[in-house]
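Colleague: A single structure is presented below for examination.
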Amino acid sequence: MAPPAPGTARPAPGTPPSSAAGSAAGAASPGQGARPRKPRDPFFDNAKYFAILLVVAGHVIANIRSDVPIAKALYLFIYMFHMPLFIVITGYLSRNWTFSTGKARKLITHVGVPYVVFEVAYELYAWLGKGGELTISLLKPYWLMWFMCALFLWRLSTPVWQQIRWPLGIALLFALLSYMSDLGGTFNIHRVLGLLPLYVLGLTLKPEHFELLKKPIARPIGAAVLAGGLAMAYFAKDRMTENWVFWKTPYEDLGVNNVTGTVMTLAMFSCATVLVAAFLAVVPRGRHWFSALGATTLYTYLLHGFIIRLLDYLDWWEFAWMHTVPGTIILLGASAVLGTVLCSPPVVRCMSWAIEPKMTWAFTSLRRPAGRGPAGKGAKRAAGGQAR
């Protein structure tokens, strides 16, 4: 859905929050100067910054939504598109992902390792906070860790989607079929397959598509669409099952047949796509004070859950003042502050060892099969010369 300073080309770490998508340019050939890196586009960093604030806000108001109608509407509205937004951006920034040495290593260090570290950390945290039996399973992601697991699998599949003639249609077919049966909870597979079309959509987008959203006329249209989406969420808050927006429940468990479920899922994809486009249309285009923070949204994503769970364990949400409209506004403001602080430079410096570990010690030079590469070709030519 990675922490660089403004103007650097350092990629954001796998996000929530979408990052680790780009990689450094290849080494220059002898006699050539190093190719300058393309500067970061602040538009996507701005989008990720505001998107991560939505993630934190959604988790905060989740605890009061049953008592405050506007909080319930906001919750439904946010969940309709906040993760689809991250996933589309992640897919777009992953268009050039291959199994090259640098990118494969970054996938391991910026997605795989943080997944293992924080999956274990959250399970231990829950055990200490709630008691009971300690269970740690990398196959069943804990709460928000599903995104890291999904991101790892999506990235691995990127070269496949880049070679398929109709990638979006095939990904959508997989998603629709996945909800027709219970696939179990391993790897949170319903979300992995169900949200796959949004990742593939990002892979298929081109810069000119985003340029359309940057036109002056797009901003008022986007604002109107978002306002309409919030109004629809308020209307639907007591008329639809919230489980639809979690993208993890098979049709049978939602109480609908496959035909109805398929139509509803297609409608959900349509709504999510429209809201994502509308949100991007209102995102600031230029560089601002928060642009650099947008490159480190993974820090907020992985860390804010500890604060939310701590408040759960302390029964913080029982205070009556929170379950009011003014209380909702205060909590939204507090969530924005929390989301901003957790991706700030001091936090990044303290936590980069776990979220962006270097781990050069864990890798070797690329191993090539015998007969491959320059050495192998030279040996073959030598053997051929001797034979002649």
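Colleague: Could you pull out every one of the lysines with an alpha carbon less than 27 Å from that of K358, ignoring same-chain neighbours closer than 8 positions?
Modeller: K38, K48, K103, K106, K140
Colleague: Between W353 and L138, what is 0.36 nm times their sequence separation minus the Cα-Cα distance? Round to one decimal in nm.
Modeller: Result for the pair: 75.4 nm of gain on full extension.
Colleague: Order these by the 10 Å Cβ neighbour count, fewest first: K140, K358, K48.
Modeller: Sorted ascending by nearby Cβ count, the order is K358, K140, K48.
Colleague: Shifting gears a bit: Gap in Å between the Cα centre of the range 146-194 and the Cα centre of the range 81-128?
Modeller: 15
Colleague: With Cβ to Cβ distances under 11 Å as the rule, what net charge do the other residues near T328 carry (K, R +1; D, E -1)?
Modeller: Once all neighbours under 11 Å are counted, the net charge is +1.
Colleague: Answer rounded, prolate or oblate for the range 233-315, using the Cα gyration tensor with square roots of eigenvalues a ≥ b ≥ c: rounded when a/c is under 1.5, else prolate when a/b is larger than b/c, else oblate.
Modeller: oblate
Colleague: Peptides 251-257, 228-234: what's the order by average Cβ count within 10 Å, highest mean first?
Modeller: With the highest mean Cβ count within 10 Å placed first, the list reads 228-234, 251-257.
Colleague: For L310 and V325 in the same chain, what is the full-extension length gain: residue separation times 0.36 nm, less their Cα-Cα distance, in nm?
Modeller: 3.1 nm
Colleague: Compute the length gained on full extension between L212 and L266: take 0.36 nm times their separation in residues and subtract their Cα-Cα distance, giving the result in nm to one decimal.
Modeller: 17.0 nm
Colleague: Across the range 109-116, in residue order, what do the Karplus-derived ³J(HN,Hα) couplings come to in whole Hz, using 6.51 cos²θ - 1.76 cosθ + 1.60 with θ = phi - 60° and x for Gly and Pro?
Modeller: 7, 9, 10, x, 5, x, 4, 5
Colleague: Under the rule of at least 5 residues apart or a separate chain, name every residue whose amide H is placed under 5 Å from the amide H of L183.
Modeller: Residues meeting the criterion, in which the H sits 1.01 Å from N, do not exist here.
Colleague: How would you rank C271, C350, going from fewest to most other Cβ atoms within 10 Å of each one's own Cβ?
Modeller: C350, C271
Bear in mind that the values in this text are calculations on the coordinates, not laboratory data. What you are looking at is a predicted structure, and each value in this text was computed from that prediction instead of being measured. Note that we place each Cβ from the backbone using ideal geometry, even for glycine, and neighbour counts take in every protein chain shown.
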